[in-house]
Structure formats: structure tokens, C-alpha cells
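Visitor: Just passing along the structure, written as C-alpha cells.
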Number of protein chains: 2
Amino acid sequence: MSLLVVGSMAFDSIKSPFGEVEKVVGGSATYFSLAASYLSPVRLVSVVGKDFPHEVLEMLAARSIDTSGLKIADGKTFRWKGYYEYDLNTAHTVKTDLNVFQNFAPVLPDSFRDSPYVFLGNIDPRLQLDILRQVRKPRLVALDTMNYWIEKSPGPLRDVIGKVDIVIFNEGEIREITGEYNLVRAARAVMGWGPSRIVIKRGEYGVLHVSDGTLFAAPAYPLETIFDPTGAGDSFAGGFMGYLASRGSRRLREMDFRLATMYGSAIASFTVEAFSTERLQNLTGGEISQRVDSFRTLTNFRV
Amino acid sequence: MSLLVVGSMAFDSIKSPFGEVEKVVGGSATYFSLAASYLSPVRLVSVVGKDFPHEVLEMLAARSIDTSGLKIADGKTFRWKGYYEYDLNTAHTVKTDLNVFQNFAPVLPDSFRDSPYVFLGNIDPRLQLDILRQVRKPRLVALDTMNYWIEKSPGPLRDVIGKVDIVIFNEGEIREITGEYNLVRAARAVMGWGPSRIVIKRGEYGVLHVSDGTLFAAPAYPLETIFDPTGAGDSFAGGFMGYLASRGSRRLREMDFRLATMYGSAIASFTVEAFSTERLQNLTGGEISQRVDSFRTLTNFRV
């Protein structure tokens, strides 16, 4: 079934201990869409400037990503410049130029309004609320956010969280929004506002799910070579939601969410093996399911 | 089969966000022995002062821990005072009084020399080497250490690491001893010195094993209430080695090490639920296997 994503598209300039790239394709919606496209049809809502390369749009379309919700605005594409230190855990921002993203007011094409799966990428919670007004009875809505919105727009953020099924946080974000250090208790606090499942990203340590009465912990794949962690979280979310959307119309069960997590983790583990979307553009279904199998070997302790 | 442990016994004074205790029983060998005692017979080599309570020694003996290698020396027992901040991740030392531990020169009783399983707790690597000279052809030797020895005695530490089968590190320690941030590569570097398996403790994130051609990742149990993390690592090691020692004389396979990890993790998850060894003294086999089952539920993503 179709998966709608709303989020940013950008040019990134990134320095990691393993190299440096200038003005490569990035943005949360870009990583998300590419990751999800291996599993389900994707409908992309975002904005780029006139400087955005046509070949990239063609590449997205070739991966069955419907770009009819992508606005090409007068002006320049969102740019982000940052670097990672040797631990690769924290992205340090050097410069952010919002450019056309500053006035992003997402309007869904009519053909997108019936999207059964919706992912509200990390944008202003007022825009996330606006998207929800434009879709008709989605089956499942997930939301991503960041410390900036937790601090600047706590009211609207709390409103939109109350209207979604799943929130994806990293550890720092959920601790900040709840004021609770213990992750299980923090997740239960957010579930008290509405969502039925909280997904906590723990970077190189993997993912923790908290849902009603159930906990699920999945490791990240212990790679020997990580070139660029940019987009890992968005690729995870794309694989996660793409897998759920691929399950058809039957009711989702706990095991679907768990397998979705492993598909998200598998795809994210490829993303970080190269700069930008390089690795993510050329995956095969076989590579992805092989990596999911590697996770089985990695975590198995059944005799 | 019998499991020999050499390490410290102490009085701890601990403050955590959840309370404060004065002069309670602690020490790596104490936690290790109690944890292992649920799975195999333990032989304890350590030193305490004349001030150490007789009831504690009786409690250890009642748990089939052979204390004939425990020296009761003139003077006071090793004391440690520390605190944890709200994140519970780092023990901050306020004061260390080595007391009788300063002149600890472990001598194995004759009856201990044939111990098939040996755990060299976190003590001076020269003493660890000395223990290895006193045992006869053990089946399996594991070693724990800390940043202090990595910095002060790199030579002897490297020597003793070359003579053991398994090294247990935390993330910071293995990065420091190898100068390599990536844990998989760091583990392979240490394996190049001799050991066939590296166990990396990642605190609230669990454990990563690296062995020849195999990786195993296990989460820690996401507890809602952690009172006192003191002794978690030693309890893990005790459960881990205790399980291995309980496997009898057949050759240990990968799955034995994995299950040993889950038993260690299960027992450690009880330790942190109360101060000192309180919870660890009164476990039942049923509680431990139930927690191991909870780990199965926590990590399962098989359809």
C-alpha cells in the first residue's frame, strides 16, 4: 500500500574521519523515500530549489517514488553543512541555509490524500498537523521530530503527537520531551498522550520499542566500516514504514513491527557504508534480506 | 565443574538518585561468586580484613562458595565510596582505601589448583599472571581489567591477555587499549594477541561478543527501576562463567557462549534492582530462567 512521506530534501556538505563531500544529495525525505522504495510505493512531498539536479528526480522516479507532491520553487535548495568526529555519533552542524525550505507549506496532490501510511518527517509540528488535516483516514501515521521543535514548539508538537500512532525519537529527544531519564518510563509517558508505540533510536546500539505491554530491543549491525552516518535514522524510518506498508490490508501485529524494525535497521546499515545516498540508490532485495538474516545470526541464542 | 575466581572483596558506600547506603558488602569477587553460585560450584580467592562480618562469609558458604582461598588479614577490608548521577552510567569514585587489598598476594590452596574454569578479576595483571602460574591446565580462562591497569601496567597486562581465552572489557577500555574506536576492529586487534573471544560490556545497551568469524549482540534488560548499578558487570561475568562451567566436560560451542551471556545478563539485571548484594543473595533458579525467557521475548523477531 502507498506510503506518504513529508520532509526535507537538501544538499549536504559532510566531513567525516573517512573523507569529505561537497553538495551531495541529502535531506530526511530523500533518505526515507529511497529506503522505503525497496518495500512499497512511496509518495513524496517536499520542496527543492531550481538548482536541484534533474537526474536526481529521475533517479527517484525510477525507484517508483511518486514525486508529484514535490514542489520546485524559485530559489535555492535547503543546504546543510556538518561534520562528524571520530566517534561518528554526533553530527556537528557548521551551517544551515533553509533557502526554499523556509517557506515550505506542504500541499498534498489530490491523489495523495487517500495514503494509508503516512510518515511525518522532522519538520515544524504545525506543518505536520496541517498534513494530517489533508489526509483522509490513514491506517497508520508515524512522526519524527527533533530537539529544536521540542524546545521551540512544545504546544503544537504535543498536539500532533496526540494524533499519531507511532513516534520515533532518539534517546536525547524522548528524555528531553518527558523530563524522564529511564527510557521505558519516558516511552510510557508519551504513550499517555496518544501514540500506541514508541520507537527509540539509540544510534550504534540499535533500537528499543515500547508498546502496550511489550518491549522489543534490536541491535544495530556492528559494522567494521562506517563512512558517513548521515541519513541513518531516516533510512531506518523508511525501511520500517516501507515494510509496514508492504503488509497489505490485514491488521498489523507485534511481529510485523519487529520485522519492520529489522528491515529498517538492515537498510540503514547500508546507508552508512558510503557518503550521501550512494549505497542506498543501488541496493537489491537480496542484499537487504541477506542483512536481515545476518541480524538473525547476530542475535540468536536459541538452542 | 568448578569455577575459580580471584578478585576483590570490599565495603562500599554508595549514593544513587534512589538512596544511599553505608559500608555495605561489595567487591568484584563477591558479586561474581554470588552470581556464579546459582550455576556452578565456586572457589573464591580474595582477602578481607578482620572487620569483615562473619555472617557474610557464612552466607557465601551457604551458597556453596568455597572460601578456603579467602585470606582474613590483619587490618581493614578494602573500602570504596562512590556515587552515581541520574544517568546511572558512570560510577564516580569519592574515595578508595585499599587497606589489606594493597598487599594482596593470592596463593591458591592446593585443592584449587585443578580448577577447570578460571576468572581473573580486575586486579594487578602481575597478580593475574601469578594465578595462572598456580593453576594446572585450566579448560578456560577469562580476564577482566580496567583503565587503571591499561595505563599503569600495559606490559604485564598484554602478557596476561596473551595467555587467556576470553577478555571482558567495557567499551572505553577496549578502545583505550587498542587505540581503535570501532569495536569490531578493536576486538580483532586484541584477538591478535591471543584470546579467541572478546566480550564488550556496553552498560544499559547490553553486550557485544566478537569471536572468530562470529558476532553476537545482546541487549541489557530495559528495566523501569534501577537502584544501584554497582556490581552489574561482575554479576554479568559471574553468570556468564557460571553457565559455561555448568556445561560439563564437553567442548563448548558458540551457542553455549551465547546462552552464558543471557544468563549473565539476566543475573546482572537482578543485581541492579537493589543496593549491594541484597537481591543477588536471594534469587531462585526459576527467577533466573524466567528472566532469560524475557530476553527471548525482548529480542525475538522470528515469524
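The values are calculated or read from the model by the stated rules, or taken from the named source; none is laboratory data. Being a predicted model, the structure only gives us computed values, none of them experimental. Note that each Cβ is placed from the backbone with ideal geometry, even for glycine, and that neighbours are counted across all protein chains shown. Just so you know, the surface numbers come from the protein's heavy atoms only, side chains and all, with ligands and any DNA or RNA stripped out. Shrake-Rupley method; radii C 1.70, N 1.55, O 1.52, S 1.80 Å.
Visitor: I need the shape label for segment A:217-266. Rule: rounded when a/c is under 1.5, else prolate if a/b > b/c, else oblate, with a, b, c from the alpha carbon gyration tensor.
Guide: Values: a/c = 3.75, a/b = 2.04, b/c = 1.84.
Cα axes put segment A:217-266 in the prolate bin.
Visitor: So which trypsin sites (Lys or Arg not before Pro) in segment B:207-303 are both in a DSSP loop and have at most 14 other Cβ atoms within 10 Å of their Cβ? Write down the numbers at each step before the final one.
Guide: On the way: sites: B:R247, B:R250, B:R251, B:R253, B:R258, B:R279, B:R291, B:R296, B:R302; in loops: B:R247, B:R250, B:R251, B:R253, B:R302.
Sparse-neighbourhood loop trypsin sites (Lys or Arg not before Pro): B:R250, B:R251, B:R253, B:R302.
Visitor: Here's something else I'd like to know. Which residue is it, in chain A, whose C-beta lies closest to the A-to-B rotation axis, and what is that distance in whole Å?
Guide: A:Y205, 2
Visitor: Quick check on segment B:32-113: take the gyration tensor over C-alpha atoms, sort the square-rooted eigenvalues as a ≥ b ≥ c, and tell me if it's rounded (a/c under 1.5), prolate or oblate.
Guide: Working: a/c = 2.10, a/b = 1.37, b/c = 1.53.
Note, shape of segment B:32-113 comes out oblate.
Visitor: Give the relative contact order (percent, whole number) for segment B:146-303; include only Cα pairs under 8 Å separated by 6+ residues.
Guide: On the way: 216 pairs, mean separation 25.2, N = 158.
16 percent.
Visitor: Same structure, new question: Non-local amide H neighbours of B:S68 (under 5 Å, H modeled in plane, Pro and chain starts lacking H): which ones?
Guide: For B:S68, whose amide H was placed from the backbone, the distant partners under 5 Å are B:L44.
Visitor: Moving to a separate point now. Counting only other chains, what is the mean number of Cβ atoms within 10 angstrom of the Cβ of each residue in peptide A:206-216?
Guide: Mean partner shielding for this stretch: 3.
Visitor: Residue by residue, what Karplus-based ³J(HN,Hα) values in Hz, rounded to whole numbers, does segment B:84-90 have, using 6.51, -1.76 and 1.60 with θ = phi - 60° and x for Gly and Pro?
Guide: 10, 7, 4, 7, 6, 8, 10
Visitor: Compute the label-point distances linking B:G285 to its equivalents in the other copies; points lie 7 Å from Cα along Cα→Cβ; give nm, one decimal, shortest first.
Guide: B:G285 label point versus its equivalents elsewhere: 4.9 nm.
Visitor: Quick one: what are the phi-derived ³J(HN,Hα) couplings along segment A:140-149, Karplus 6.51/-1.76/1.60 with θ = phi - 60°, whole Hz, x for glycine and proline?
Guide: Karplus-based 3J(HN,Hα) across segment A:140-149 equals 8, 10, 10, 9, 10, 8, 8, 3, 3, 6 Hz.
Visitor: Tell me, what HN-Hα J-couplings in whole Hz come from the Karplus equation 6.51 cos²θ - 1.76 cosθ + 1.60 at θ = phi - 60° for each residue of segment A:247-253, using x for Gly and Pro?
Guide: 7, x, 9, 6, 4, 6, 10
Visitor: With +1 on each Lys and Arg Cβ and -1 on each Asp and Glu Cβ, and nothing else charged, work out how big the dipole of segment A:1-91 is about its Cα centre, in Debye to the nearest 20. Don't skip to the end; give the middle numbers.
Guide: On the way: 9 positive and 10 negative charges, 50 e Å.
It works out to roughly 240 debye.
Visitor: Taking every residue in B:217-223, how many Cβ atoms of other protein chains lie within 10 Å of its Cβ, on average?
Guide: Details: counts 11, 5, 11, 2, 2, 11, 2.
The shielding value for this peptide is 6.
Visitor: Amide H neighbours of A:N170 under 5 Å, counting only residues 5+ apart in sequence or on other chains, H built in-plane at 1.01 Å?
Guide: A:K201
Visitor: Now a separate question. Let me spell out the model: positive unit charges on the Cβ of Lys and Arg, negative unit charges on the Cβ of Asp and Glu, origin at the Cα centre of chain A. What dipole size does that give, in debye rounded to 20?
Guide: Details: 34 positive and 34 negative charges, 222 e Å.
In total the dipole reaches around 1060 debye.
Visitor: In whole Å and largest first, what semi-axes does the C-alpha gyration tensor of segment A:212-303 yield when each eigenvalue is scaled by 5 and square-rooted? Please report the intermediate quantities before stating the final value.
Guide: Working: eigenvalues 100, 55, 29 Å².
Semi-axis lengths for segment A:212-303 are 22, 17, 12 Å.
Visitor: Here's another thing I want to ask about it. What does the C-alpha gyration tensor say about the overall shape of segment B:129-174? Classify as rounded when a/c is under 1.5, otherwise prolate if a/b is larger than b/c, or oblate. Walk me through the numbers before you get to the answer.
Guide: Details: a/c = 2.84, a/b = 1.59, b/c = 1.79.
The shape class here is oblate.
Visitor: Next question. If amide H atoms are built 1.01 Å from N in the plane of the peptide, which residues on other chains or at least 5 residues away come under 5 Å of the amide H of A:K76?
Guide: Hits under the 5 Å cutoff: A:V100.
Visitor: Once the dipole of segment A:236-303 is set up with Lys and Arg at +1 and Asp and Glu at -1 on Cβ about the Cα centre, which of A:L283, A:V272, A:M262 lies farthest towards its positive end?
Guide: A:M262
Visitor: Right, something else. What residue among B:W193, A:A217, B:V25 has its Cα farthest toward the positive end of the dipole of the protein assembly as shown, where the charges are +1 on Lys, Arg and -1 on Asp, Glu, each on the Cβ?
Guide: After comparing all options, I get A:A217.
Visitor: What translational diffusion coefficient, in µm²/s and rounded to a whole number, does the Stokes-Einstein relation yield for chain B at 37 °C and a viscosity of 0.692 mPa s, taking the hydrodynamic radius as the Kirkwood radius over Cα pairs? Don't jump to the answer; show the numbers that get you there.
Guide: Numbers: Rh = 19.2 Å.
The Stokes-Einstein estimate is 171 µm²/s.
Visitor: Name the chymotrypsin sites (Phe, Trp or Tyr not before Pro) in segment B:75-110 that are in a loop by DSSP and that have at most 11 other C-beta atoms within 10 Å, would you? Numbers along the way, then the final one.
Guide: On the way: sites: B:F78, B:W80, B:Y83, B:Y84, B:Y86, B:F101, B:F104; in loops: B:Y86, B:F104.
Filter output for segment B:75-110: B:Y86.
Visitor: Taking a 22 Å limit on the Cα-Cα distance, which of the listed pairs B:K50/B:K81; B:K137/B:K163; B:K76/B:K201; A:K23/A:K95; B:K15/B:K95 fall beyond it?
Guide: Pairs exceeding 22 Å: B:K76/B:K201.
Visitor: Here is a further query. Mind pulling up the Rg/Rh value for the protein assembly as shown? Radius of gyration and Kirkwood radius, both on Cα. Numbers along the way, then the final one.
Guide: Working: Rg = 26.5 Å, Rh = 25.8 Å.
Ratio value, two decimals: 1.03.
Visitor: Now for a different question. Hey, got the average number of other protein chain Cβ atoms within 10 angstrom for residues in B:196-205? Before the final figure, lay out the partial values.
Guide: Values: counts 0, 0, 0, 0, 1, 0, 3, 1, 6, 9.
Mean shielding by partner chains, rounded to a whole number: 2.
Visitor: Accessible area of segment A:1-160 with a 1.4 Å probe: how many percent of it is carbon plus sulfur? Before the final figure, lay out the partial values.
Guide: Values: 3500 of 7130 Å².
Accessible surface attributable to carbon and sulfur in segment A:1-160 totals 49 percent.
Visitor: Measuring from a point 7 Å out along Cα→Cβ, what nm distances, shortest first, does B:K95 have to its partners in the other copies?
Guide: Result, one decimal in nm: 5.5.
Visitor: Also: If we hang a label 7 Å off Cα along the beta carbon direction at A:K71, how far is it from the matching labels on the other copies, in nm, shortest first?
Guide: So the distances to the same position in the other copies read 7.8 nm.
Visitor: Additional query: Quick one: putting +1 on the C-beta of Lys and Arg, -1 on the C-beta of Asp and Glu, what dipole do you get for segment A:129-200 around its Cα centre, in Debye to the nearest 20? Walk me through the numbers on the way to the answer.
Guide: Numbers: 11 positive and 9 negative charges, 87 e Å.
Dipole magnitude for segment A:129-200 comes out near 420 debye.
Visitor: Can you give the log10 of the normalised intensity I(q)/I(0) at q = 0.17, 0.18 Å⁻¹, computed with Debye over equal Cα scatterers of segment A:24-174?
Guide: Debye curve over Cα of segment A:24-174, log10 I(q)/I(0) at q = 0.17, 0.18 Å⁻¹: -1.14, -1.28.
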